[in-house]
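Let me begin by presenting the structure, written as structure tokens, before commenting on it.
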Amino acid sequence: MSTRHFDRQSFRKHSNFGVPKRRPGFAQPISIDRFINKNVLAQKAEVFVPVHKFEDFKIDQRLKANILAKGYKAPTPIQDKIIESVLRELDVVGIANTGMGKTGAFLIPLIQKVLLNPQEKILIVVPTRELATQINQEFKSFSRGINIYSVCCVGGAAIGRQITELKNYRNNFIIGTPGRLKDLIQRRFINLSSFSTIVLDEADRMLDMGFVADMRYIMGLMPGKRHALCFSATMPREIALLVNEFLKNPVTVFAKTGDTPENIYQDIVRVSHSGKVETLCNLLAKDEFRKVLIFGRTKHGVERLSKNLTRYGFRADSIHGDKNYASRIKALESFKADYITVLVATDVAARGLDIPDVSHVINYDVPATYEDYVHRIGRTGRINKRGVALTFVE
């Protein structure tokens, strides 16, 4: 079956696959008006003119060459505002929409920091395995040919290999999730007294996932004199308290343009509960749905939907908490490389992941909170590209 043709007869034949039933009282409903913003594609995009150019920053020529090789022509707003402050070793709080190039904003100056002092050790703490892996990949592309190394320490992956890398190699960067980092610290494979720089990325997500105590534990083991960077899409009270507790006179940078990016067309799709899968397949069969990220509520529902779409001829896969780390990374890499064109995910994929050229985000299940919605649709329309977000409403 063609991946761009949906056979309704085939659908009806297999309609017993069904869709996951809604759990009553799962979450307070979000007004559907918040899922609609149809005018953005017609708006004239405001052209951002950065104060700096990459060649203006006092960074190594090899690093500049790697930035150019990645296709970065000019700093994004958050890069323009933050890189200089980090180069001056100022504590920084960055509040930014997703898809604004935040990872480069801290990796570029921190790689330069290590070049100036090869003994420097930097800890980057993130909420999810996927985000840690992505940052590690970004690090490798920025540091190519510079002889600076990293280790990625996340749960769900073999701890033995991570221990071997920590024991036997000189890693200036450790990138990891709070639980696995805490485990390795308590086993004495990571000694935070030798780390003078820390990055807390997606801090509000770590709060949502219950990692505040782990963040405090990790920060508390670091030297009193340290360089700290905190990035978050929002600044809830608990994160503000953490910032006040551990950062010293931070430079606060706002690079937000509203709750949702202005370059994402947002609309709802009215569906019946029994007709959701057929409606989805009809959409996916259209040529403009080139690379589609679909969000579902439950792990079982996401897996079932992914298998249904594969059965109907679409190149689809899934990521969710019941899949092991290797399978999740394989699915993400296949999606990035266009081996599959549809990825079905739970909200584990909604935070921080930079997947190039996602044409559409489809909320197959309405998100539990508006904040989840914001992070879901932020996977399209990355760095000022156009995107489309559709939410199924019954």
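The values are calculated or read from the model by the stated rules, or taken from the named source; none is laboratory data. Just so you know, these numbers come straight off a predicted model, no measurement behind them. A quick note on method: Cβ atoms are made from the backbone with ideal geometry, for glycine too, and the neighbour counts reach across all protein chains shown.
Can you go through 122, 78 and tell me which one is closer than 22 Å to residue 174 by Cβ, crowded, with 19+ Cβ neighbours inside 10 Å and of a type in the set (A, V, I, L, M)?
It is 122.
When only residues in the stretch 139-173 that are in a helix (DSSP H, G or I) and among the polar types (S, T, N, Q) count, which is nearest to the chain's Cα centre (by Cα)?
For the stretch 139-173, the residue satisfying everything is 141.
Determine which member of the set 68, 63, 90, 107 is over 20 Å from the mean Cα position of the chain (by Cα), crowded, with 20+ Cβ neighbours inside 10 Å and either in the same structural domain as residue 250 (by TED's automatic domain parsing) or in a loop (DSSP other than H, G, I, E, B) (or both).
Of 68, 63, 90, 107, the one residue that is over 20 Å from the mean Cα position of the chain (by Cα), crowded, with 20+ Cβ neighbours inside 10 Å and either in the same structural domain as residue 250 (by TED's automatic domain parsing) or in a loop (DSSP other than H, G, I, E, B) (or both) is 63.
Filter the stretch 204-218 for residues that are within 12 Å of residue 182 (Cβ to Cβ) and surrounded by 17 or more Cβ atoms within 10 Å (Cβ to Cβ); which is farthest from the chain's Cα centre (by Cα)?
Checked the stretch 204-218; the qualifying residue farthest from the chain's Cα centre (by Cα) is 218.
Can you tell me which residue among 222, 209 is in contact with a Leu (Cβ under 7 Å, 6 or more places away or on another chain) and either over 30 Å from residue 346 (Cβ atoms) or touching a residue at least 40 places away in the same chain (Cβ under 8 Å) (or both)?
So the residue among 222, 209 that is in contact with a Leu (Cβ under 7 Å, 6 or more places away or on another chain) and either over 30 Å from residue 346 (Cβ atoms) or touching a residue at least 40 places away in the same chain (Cβ under 8 Å) (or both) is 222.
Hey, can you tell me all the residues within the stretch 46-55 that are in a helix (DSSP H, G or I) and loosely packed, with under 13 Cβ neighbours inside 10 Å?
55
When residue 120 is evaluated against the numbered criteria (1) touching a residue at least 24 places away in the same chain (Cβ under 8 Å); (2) under 17 Å from the mean Cα position of the chain (by Cα), which criterion, by number, is the only one it fails?
In the conditions (1) touching a residue at least 24 places away in the same chain (Cβ under 8 Å); (2) under 17 Å from the mean Cα position of the chain (by Cα), residue 120 misses (2) alone.
Which of the residues that make up the stretch 272-285 are in contact (Cβ under 8 Å) with a residue 24 or more places away in the chain and surrounded by 12 or more Cβ atoms within 10 Å (Cβ to Cβ)?
Those that are in contact (Cβ under 8 Å) with a residue 24 or more places away in the chain and surrounded by 12 or more Cβ atoms within 10 Å (Cβ to Cβ): 276, 277, 278, 279, 280, 281, 282, 283, 284, 285.
Are there any pairs, at least 6 apart or on different chains, whose C-beta atoms fall under 6 Å, with the first in the stretch 174-187 and in a helix (DSSP H, G or I) and the second basic (Lys, Arg) and modelled with pLDDT of 95 or more, and if so, which?
none
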